[in-house]
Amino acid sequence: MNRIVSEDYDPDFIEELDSSEITGAFSGCLACRTCTSGCPVHRANNEYDPLRIMRMLTFGLKDELIGGDMIWLCSDCYTCQENCPMGIKVTDIINHLKNMATSAKHTPIGVSTQEKLLKDQGKIYIIDDFDNKKRTKAGLPPLPEINEEAKKLLEKR
Amino acid sequence: MKYSLFLGCTIPARSRNYELSARAVASQLGMEFIDIDEFSCCGFPLEATDEMGAILLAARNLALAEEKNLEICSLCSACTSMLTKTAYRLNRDRELRDKVNHELSKLGRAYKGTVRVRHFARILIEDIGLEKIKNSVSRDLKGLKVATHYGCHYLKPSYIYEGFDDPQDPKTLEEILEAVGAVNIQYRRKKDCCGGPVLLSDESVALDVAGEKLKYVKEAGADIMNLVCPFCDLMFDSNQKGIEAKFGLELNIPVLYLPQIIGLAMGLDRKELGLNLNSVNTKDLTARLEV
């Protein structure tokens, strides 16, 4: 694990996230490590560490956070957020960071492939004739193959 | 009691056993499901990369249910959280709602804020009630030991869920199991995640997270595992063989969706509950219950 380099400090990044309506403030973080101690992903791979993410945020290390792989290991389970004694929306913040990383074109290939599928089809899985035959045979109503209106809603996004 | 049934993407494509059993159980309990063909993906898979796109998809789905004056009953926990969270935000943030409605207006639709979204299991507790569920039982589950996996989005983030269950000490799913005559088994790490959402970025970590739980379920001596989300099912049922190989374990734990267990207690048969579609074989289980 590398040491935190304070020359990379980006105050605008702190201000943008700390004042975000979506994520709420993070600057009350006590660094108590409650987030990391309950994290199931941390137990599987200690390279992933929500407290480290929170500290990197506090130090304004934008490029390192959104250019790195760590945020993408978050399983979105909300354990850290539910446990945080300061009520910091840790999971919502990490999700917001993933969005920022995507804007900067740092997205794992599996995630961006799924995003493209969804924007092309309006759903993740196409329901083809074969699926609909199986559905009808099981007494389930048939479904449209893709969703044109949802596709239209996501056009140009 | 009428609800629009929100299936999402994964259930109709890969979890027909969940859909079949939920429809069968609902019908036994007097719930009527209305299918809305125009429903799309809930938006959840876009939340990490294009949050506004995710909100738009969710808002459109909410608007479709509102047009029919129906509540949404969702089977998938991720869909439930995406739709609930979006309604929560749009009901509190006027600016966001105006922005969303501007986009929806191009499709001739609008989000008004009248729709309610709840997970199928929550509706069973709140609208049907444990007493009625108990009275629907006609088959003895013979002390079937069940380890329940609540998963994450059925309960969390709790700020969107009106306190219907406690994410630190959840009970609702086990109350339903108790009502149908199953025995609830406690196991280590019961509240933890299935690992599913990490699958797209790091498969090995995802399997480690799921494997740890399966190991503890086995150690606790459970006969089966119970869950309410198709992503969790993918990790524990579909990937169980892979986890056995990775960890060098023999698990062989049947993983059932909640309505498959309720349906067994109601006297429904294997076909009605889609039990042949489960990855880990369920024939020994049903033979034991004389199904």
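Bear in mind these aren't lab numbers, they're just calculated from the coordinates by the rules spelled out. All values derive from a computational prediction rather than experimental measurement. Note: ideal-geometry Cβ built from the backbone for every residue, glycine included; neighbour counts use all protein chains shown.
Summary table
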read-out: Helix-derived mean residue ellipticity, 222 nm - over chain A, DSSP H n ≥ 4, -39500 (n - 2.57), to 500; value: -13500 deg cm²/dmol
read-out: The range A:1-68: GluC sites (Glu not before Pro) in DSSP loop, at most 11 other beta carbons within 10 Å; value: A:21
read-out: Pairwise FRET efficiency - residue A:12 versus residue B:135, Cβ, R0 = 45 Å, nearest 0.05; value: 0.15
read-out: Order by protection proxy (mean Cβ within 10 Å, highest first), peptides B:219-228, B:256-265; value: B:256-265, B:219-228
read-out: Burial ordering of A:75, B:158, B:138, fewest other beta-carbon atoms within 10 Å first; value: B:138, B:158, A:75
read-out: Exposure proxy order (Cβ contacts within 10 Å, fewest to most) of B:60, B:97; value: B:97, B:60
read-out: Distance between the range B:46-110 and the range B:142-191 - C-alpha centres, whole angstrom; value: 27 Å
read-out: Lys/Arg +1, Asp/Glu -1 at C-beta; chain B dipole; positive extreme among B:170, B:252, B:214; value: B:170
read-out: Peptide-level mean, for B:25-34, of C-beta atoms on other protein chains within 10 Å; value: 0
read-out: Long pairs among B:145/B:190; B:218/B:246; A:137/B:271; B:85/B:112; A:116/B:241, criterion Cα-Cα beyond 18 Å; value: A:116/B:241
read-out: Calculated FRET efficiency for the pair residue B:220/residue B:249, C-beta based, R₀ 22 Å, to 0.05; value: 0.95
read-out: Pairs beyond 23 Å (Cα-Cα), from B:2/B:99; A:98/B:156; A:156/B:99; B:134/B:156; value: B:2/B:99; B:134/B:156
read-out: Residue order, fewest to most beta carbons within 10 Å, for B:3, A:9, B:88; value: A:9, B:88, B:3
read-out: Cβ charges +1 (Lys, Arg) and -1 (Asp, Glu), total dipole of chain A, debye; value: 680 debye
read-out: All-pairs alpha carbon distance profile, the range A:109-156, 5 Å steps from 0, percent; value: 5, 23, 21, 18, 16, 11, 5, 1
read-out: Peptide B:102-109 - average C-beta neighbours from other chains (10 Å radius); value: 2
read-out: Pairs of Cα atoms farther than 18 Å apart, the range B:1-97, %; value: 46 percent
read-out: Cα-derived Rg to Rh of the range A:6-103, Kirkwood definition; value: 0.92
